[in-house]
Amino acid sequence: MNSIRLLIVFLFPFFPIIADAANETVGLDGLLVSKSWSQALPAVAKNGVAYLTIENNSPGQEKLISASSPIAERVEIHSHQHVDGVMKMRKVEHVDLVQGTATIFEPGGLHVMLIG
């Protein structure tokens with residue numbers, strides 16, 4: 001299993017005006033990143049969120065271990081979980097990218113937090 005790091009700058013070149021690279025696909029060693037987008041935010045907003053799809057067409061399972069961006073002080077991978085009837089956002093240490101499947105980062109699920 002290989003570990004990968006995701007550099008958000010390739011996915012969101014127009015952020016913060018509007019980040020919508022839905023028609024762009026970036027690939028490396030059998031991994032395809034597509035359908036990336038982020039909601040435009042007011043200039044006073046300190047945090048943002050990004051969504052994307054990662055398809056794993058490599059020969060085996062991969063693991064997303066981090067993400068980074070020059071437009072944020074810190075970038076974290078988060079998920080939403082129901083805990084005692086309340087939806088809570090939690091940082092995850094990695095995301096398994098199962099061979100032959102697409103992992104979707106979307107509202108209410110996995111997402112990339114752009115902090116600061």
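The values are calculated or read from the model by the stated rules, or taken from the named source; none is laboratory data. Bear in mind that the values here come from a model prediction, so they are computed numbers and not experimental data. Methodologically, a virtual Cβ is constructed for each residue, glycine included, from the backbone with ideal geometry; neighbour enumeration extends over all protein chains shown.
Tabulated data for the structure shown
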quantity	calculated
Qualifying positions in the range 95-110 - more than 17 Å from residue 36 (Cα to Cα) and small (Gly, Ala, Ser)	100
Cβ pairs under 6 Å, 6+ apart, first in the range 84-108 and under 15 Å from residue 65 (Cα atoms), second in a loop (DSSP other than H, G, I, E, B)	98/61
Test set (1) surrounded by 14 or more Cβ atoms within 10 Å (Cβ to Cβ); (2) of a type outside the set (Asp, Glu); (3) under 17 Å from residue 109 (Cα atoms); (4) modelled with pLDDT of 85 or more - residue 89 fails condition number	(1)
Selected residue (criterion: nearest to residue 92 (Cα to Cα)) from residues of the range 51-69 that are touching a Ser or Thr at 6+ places or on another chain (Cβ under 7 Å) and modelled with pLDDT under 90	65
Residue in the range 67-82 that is loosely packed, with under 13 Cβ neighbours inside 10 Å, out of contact with any Leu (no Cβ under 6 Å at 6 or more places or on another chain), acidic (Asp, Glu) and without any contact (Cβ under 8 Å) to a residue 40 or more places away in the chain present	no
Given (1) touching a His at 6+ places or on another chain (Cβ under 8 Å); (2) outside any strand (DSSP E or B); (3) at pLDDT below 85, index of the condition residue 43 fails	(1)
Counted residues, the range 37-46 - those being in contact with a Gly (Cβ under 7 Å, 6 or more places away or on another chain) and not hydrophobic (A, V, I, L, M, F, W, C)	2
Looking only at the range 70-116, and only at residues there that are outside any loop (DSSP other than H, G, I, E, B) and in contact with a Gly (Cβ under 7 Å, 6 or more places away or on another chain), the one that is nearest to residue 58 (Cα to Cα)	79
